[in-house]
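Here the structure comes first, spelled out in C-alpha cells, and everything after it is commentary.
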Amino acid sequence: MAASPLEQALDCLRSGQPARAEALCRARILEGRGEGDFAGHHLLGLALLHQGRAGEAEPELARAVALQPGNPAALNSLGMALAELNRAREAHAALSRAAALAPGSAWIRNNLGSVLHDLGQGQDAVRALDEALRLQPDYPEAHANRGMALQELSRFDEARAAFDAAIALRPGYPEALKRRAMLRLLLDDAGGWDDYEAAMHGFRTERGNGDAAVPWWRGEPLRGRKLLLHEGSGFGDTLQFFRFVPALLARGARVCFCGPPSLFALLRSSGWNVSFIAPGTPSGCDFQCDLWGLPARLGLPARAAAAPVPYLAADAAAIARWKAWLGAGSFAIGVAWQGNPARKIDLGRSIPLSAFAPLAAVPGVQLVSLQCNAGREQLQQLPPGVRIRDPGPGFDAGLDAFADTAALMMALDLVVSSDTAVAHLAGALGRPAWVALKHVPDWRWGLDRETTPWYPAMRLFRQPRPGDWSSVFAAMASRLATGQ
C-alpha cells in the first residue's frame, strides 16, 4: 500500500529533506483538508523550522496547537519556533505546558532547559536538563545545553565535563565543539582555537559554507598564493579578527576579503593590501579561511593581539564635521547599549539605557548616542534629568557601515558600550573605551582583568553578580568624577 502524503512528508523530514516535506504538506493543505488538518499544519511547521524559517513556521504550529491544544508534540514544536524567534517567554509557556502533558519526554525537557537558559534562569535550566538526562542519559543535545547553563553559573569544570560528554556521545558534534571552544578560550586555553576550527569543519559539512570551489587553508605555504577570507559571525568578529591580515601578508599571501560591501570602506582604511569582493563573486583564490580560523592556523595564544592598534581609521573631513557638531566645553561620551536582538548571543549583553543615568549625572559630561537601529526607541523613555544628545535617524544610514560612528568616535573623549560591534570599532580605532560586561562574559574578555590585550585603550567593567548593571555604572561614574 502506497504511503500517504503525510507519511511521505514525515519520511522526508527524518531523512533530511525538509523542502520536499514542505511541498507535500502544502499540496495536502491545498487539496482542501485545510483549516482542520492538524497533522498537515504541524508537519508543515516542522518542515519550515528545519529550513531555518521559524517566522513562517510559527503560525502553522500555532494553528496546529489551536486544533489540538493538549498535544504535547505540537506545543513542543511551537516552543522551538518561538525560541528561534527569541520570544523566550512565549516559548517557555508552550514548553511548560508540553512538559506537564508529557512528563516522560526527555526531548521536551531539553528544549525547556534551553529556553530557561535564554531567560537567565540558570538553576532552573540545569534542573530541567538534569531531568532530561535522567530520562535519557545518552542525549548529546541535553549535555551540550547543560554545559551552556553551567557556564553561565560560573561552574566551569562541570560545564567542561558536560561538553566533553556531548562530544563523546557524538564525535565531531559541531555545536558542542563550538561551545567548548568558547569556554576554553574564556579560561585562556588556546586549545579552544582548535575546537572552534573543528566545529566550523562540522558546520561546513552539514550546511555548506564559503566558496565550494576553493579548498580550505590548512597551514600550507602562502607565498604567491591567493587566500580568501570571510567571516559570518557578525560585524564585531570581523572588526576584531581583521587584525590578523598583516600576519598573512608577511607570509607572502595575496589576501582577498569576501563579506558585506557595507564594510569595505571601513576595512580599506587599514591601508593593508587587500582586495574585496561581494558574496557570490568568483574569487579565483587558492585557499580560503574564516577570519575566526586564523588564530589556530597561525598558532596564536588565546589572547592574541597580533596587530598594532589602531588599525582602522575614519574620514578626516567627517571627523571635523562631528567635532563642530559636538562643540566645546564638555567631556563628550558616546554611548551604545543594544546589540542585535535577533541573535541569541546578545542575551544578557544588552543594557537598559536607563542604567547609563549615573554617567549623565557627573558634572561636565555630555552623553551622545552611538546607537543605530534596535534600541533607539529607548531615547524617548529616559529617566527625569537624563539628557542624551541624538545625532538623529540619519546617523550611519548611508551605504558604508559605521562611517558616521567611526568619525564621531574620533571626536569624542570616551566611548561607553555594551559588548557589541561598537566596542570593537572603538578598540580598532584606538579610542578610549569602557565596556560593560555581564557576569560571565563572552570568551574574548576573560574572567577577571580590567584590561584586554585586544585593545590597549579599553577598560572593562564587570557585573559583580548576574544582572547587576547598577554596580557597573556606579563604578564608571565614580571613576569619571575622580578623573581616574
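Here is how the numbers come out for the structure above:
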read-out	value
Candidate aspartates and glutamates for bridging to K438, where Cα separation is under 19 Å - those fewer than 8 sequence places away on the same chain excluded	D118, E152, D188, D237, D346, D419, D448, E450, D468
Residue-averaged 222 nm ellipticity for the chain, from DSSP H runs of 4+ at -39500 (n - 2.57), nearest 500	-14000 deg cm²/dmol
Total charge dipole magnitude, the chain, about the Cα centre, Cβ charges on Lys, Arg, Asp, Glu only, Debye to nearest 20	900 debye
Stretchable slack from D400 to R26, in nm (0.36 nm times residue separation minus alpha-carbon distance)	130.5 nm
Two-site label geometry, A278 and A374: point separation in nm, points 7 Å out along Cα→Cβ	2.6 nm
Debye, to nearest 20: dipole size of region 316-482, +1 on Lys, Arg Cβ, -1 on Asp, Glu Cβ	200 debye
FRET E, pair S154, S354, Förster distance 22 Å, beta-carbon r, rounded to 0.05	0.25
Region 407-422 versus region 53-81: alpha-carbon centroid distance in Å	42 Å
Theoretical gain in end-to-end length, F203 to A66 [0.36 nm per residue, Cα-Cα removed]	45.8 nm
Under 12 Å from K178, Cα to Cα: aspartates and glutamates that are on another chain or at least 8 residues apart	D164, D194, D195, E197
Length released on extending from R134 to A328, taking residue separation times 0.36 nm less the Cα-Cα span	63.4 nm
Pairwise centroid distance, computed over Cα atoms, of region 237-305 with region 311-360, Å	26 Å
All aspartates and glutamates inside 14 Å of K323 as judged from Cα atoms, apart from same-chain residues fewer than 8 positions distant	D315, D404, D413
Total charge dipole magnitude, region 1-112, about the Cα centre, Cβ charges on Lys, Arg, Asp, Glu only, Debye to nearest 20	240 debye
At R0 = 60 Å, FRET efficiency that the Cβ-Cβ distance of L101 and A317 yields, to 0.05	0.40
Sorted largest first, extent of the chain alpha carbons per principal axis (Å)	80, 61, 46
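Every read-out reported here was derived from the displayed coordinates using simple, explicitly stated rules and does not represent laboratory data. Note that the coordinates shown come from a computational prediction; the quantities given were computed from them, not determined experimentally. FYI the Cβ positions are ideal-geometry reconstructions off the backbone, even for glycines, and counts take in every protein chain you see.
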